[in-house]
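*Asks:* Mind having a look at this structure? Questions to follow.
The values are calculated or read from the model by the stated rules, or taken from the named source; none is laboratory data. Computed from a prediction, not measured in an experiment: that's the story for all the values here. Note that we place each Cβ from the backbone using ideal geometry, even for glycine, and neighbour counts take in every protein chain shown.
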Amino acid sequence: MTAPPETFFDRTRNARKVMVLDLGFLGDTIHLLPALWRVRQAYPQAELHVTVSTHITSLMNCVPWVNRTWGYMRYPRHATLRENLQMVAALRREKFDVVINLNGSDRSSWLTFLSGARERLGRMPDDGGPLFWRRMFTAHVHYPFEPDPLYVQRCRCLEKAGFPFTRPEFHTQVDPAGLRAAEISADDRGNYFHLSPFTTADYKELPPAQLVELIAALAKNFPAKKIVLSCAPTEREQKKMAELLALLPEKPWRVLTGNLNLTQLAAVIQHSALHFCGDTGPFHLAVMTNAPAVAWFWPNPGLSQWVPTGDKYRVLVGANEPGAQYLRQIDTGELIRAAQSVLAGGAGNR
């Protein structure tokens, strides 16, 4: 039987070794950071570990207050049975006092259970999970997966487990030296727009012709700002970048074709005057670094989890029309007006 969730922190406040286990992708991990900071503050004496997807471990260089980052293979392939068994064995060797899992997924729940930790806190899935789910934890909390932003949800879960209340905040340290990898100098900070135009699928993206139109409109309306384009190091995005560059009348100031790690990309976004993107990981890097952003999203049913509040952000929601390859009903003129509004400190999300 699990113990009352509100007693979890009182029972574990003297823990010496703590693991926060989360296997999400870039956006999920960024939205974990405020809760992770709260765990750090709650266990100041503990050795704090965190598990994230292997391909985004470089992000954790921005949180030096975590003692050790573990990688778990999820992309470009899933962990094999052997790798899962090795992971379980490694977790058990560490003899964690506490393992915390705030995403409620099946795989992370099993790893939490098999970790051998004396105390295990889990977040109940909205559907309650399998019949045996509760037995995998010594305490569990329930907090709806909508409508609050994901980083708020995870902090609320900790509150339900008795952790002291603190305002959800991103305590990250992004080394500005990361700009050098993009050939951007300290004098260029605040003098460029950064665009991350591609996502994981065409239906989340603006049509190529509209991207050309947007870049031209930015140059016309903000002549003092230079343009930086970036993409992920995947074959798909690099191909799309080459196709976009072929359509532009002149090459942008900087083109970054997947040659930066996540901390370097975070530095580029943090020091831009404004970040533009679709529903993709770099949007969450903007949120993490407190950089202003204008984004275009597809009509995702879980949209409210990913959109922050505040005057620094404007998110326009388009439509996936039948038979259309790309996102529709995003007006270029409205994107420009959104940029003007954000730069002027105007109205927030619509």
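*Asks:* Would you mention how many residues in the range 187-242 are more than 26 Å from the chain's Cα centre (by Cα) and part of a loop (DSSP other than H, G, I, E, B)?
*Replies:* Result for the range 187-242: 4.
*Asks:* Next question, about the same structure. Taking the condition of being free of Cβ contacts under 8 Å to residues at least 60 places away in the same chain and either surrounded by fewer than 15 Cβ atoms within 10 Å (Cβ to Cβ) or not charged (D, E, K, R) (or both), how many residues in the range 107-134 meet it?
*Replies:* Counting residues in the range 107-134 that are free of Cβ contacts under 8 Å to residues at least 60 places away in the same chain and either surrounded by fewer than 15 Cβ atoms within 10 Å (Cβ to Cβ) or not charged (D, E, K, R) (or both) gives 17.
*Asks:* In the range 110-142, how many residues are within 23 Å of the chain's Cα centre (by Cα) and within 17 Å of Pro5 (Cβ to Cβ)?
*Replies:* So the count comes out to 9.
*Asks:* Give the residues of the range 261-295 that are over 11 Å from Leu26 (Cβ atoms) and in a helix (DSSP H, G or I), sorted by residue number.
*Replies:* Within the range 261-295, Thr263, Gln264, Ala267, Val268, Ile269, Gln270, Ala286, Val287, Thr289 qualify.
*Asks:* Which condition does Asn67 not pass, out of (1) in contact with a strand residue (DSSP E or B) (Cβ under 9 Å, 6 or more places away or on another chain); (2) crowded, with 17+ Cβ neighbours inside 10 Å, if it passes all the others?
*Replies:* (2)
*Asks:* Same structure again: Considering only residues that are more than 17 Å from the chain's Cα centre (by Cα) and surrounded by 17 or more Cβ atoms within 10 Å (Cβ to Cβ), which ones fall in the range 315-326?
*Replies:* Leu316, Val317, Gly318, Tyr326, listed by residue number.
*Asks:* May I pose another question? Which pairs turn up if I take residues in the range 320-344 that are among the aromatic types (Phe, Trp, Tyr) and look for partners that are surrounded by 14 or more Cβ atoms within 10 Å (Cβ to Cβ) with beta carbon separation below 7 Å, at least 6 apart in sequence or on another chain?
*Replies:* From residues that are among the aromatic types (Phe, Trp, Tyr), the pairs are Tyr326/Asp202; Tyr326/Tyr203; Tyr326/Glu205; Tyr326/Leu206; Tyr326/Pro207.
*Asks:* Name the residue that is surrounded by the most Cβ atoms within 10 Å (Cβ to Cβ), counting only residues in the range 70-95 that are touching a Leu at 6+ places or on another chain (Cβ under 9 Å) and closer than 18 Å to Met19 by Cα.
*Replies:* Taking the candidates together, the pick is Leu91.
*Asks:* If you don't mind, another one. So Leu32 fits all but one of (1) more than 16 Å from Cys157 (Cα to Cα); (2) in a helix (DSSP H, G or I); what number is the exception?
*Replies:* Leu32 satisfies all of (1) more than 16 Å from Cys157 (Cα to Cα); (2) in a helix (DSSP H, G or I) except (1).
*Asks:* Take the conditions surrounded by fewer than 16 Cβ atoms within 10 Å (Cβ to Cβ), in the same structural domain as Ala319 (by TED's automatic domain parsing), under 23 Å from Glu321 (Cβ atoms) and in contact (Cβ under 8 Å) with a residue 24 or more places away in the chain and apply them to Leu247. Does it pass?
*Replies:* So Leu247 fits the description; yes.
*Asks:* Taking the range 143-156, which residues are in contact with a Pro (Cβ under 7 Å, 6 or more places away or on another chain), over 19 Å from Pro4 (Cα atoms) and in a helix (DSSP H, G or I)?
*Replies:* Within the range 143-156, Tyr151, Val152 meet the criteria.
*Asks:* Pull up the range 158-169, narrow it to residues that are hydrophobic (A, V, I, L, M, F, W, C) and at pLDDT 95 or above, then point me to the one that is nearest to Leu33 (Cα to Cα).
*Replies:* Per the stated criteria, the residue is Leu158.
*Asks:* Pairs please, first residue from the range 26-44 and in contact (Cβ under 8 Å) with a residue 60 or more places away in the chain and over 15 Å from Asn67 (Cβ atoms), second anywhere and among the acidic types (Asp, Glu) and assigned to a helix (DSSP H, G or I), Cβ atoms under 9 Å, 6+ apart in sequence or on different chains.
*Replies:* Pairs found: Arg38/Glu159.
*Asks:* Say whether the condition of being over 17 Å from Ala209 (Cβ atoms) and under 16 Å from the mean Cα position of the chain (by Cα) is met by at least one residue in the range 250-261.
*Replies:* Yes.
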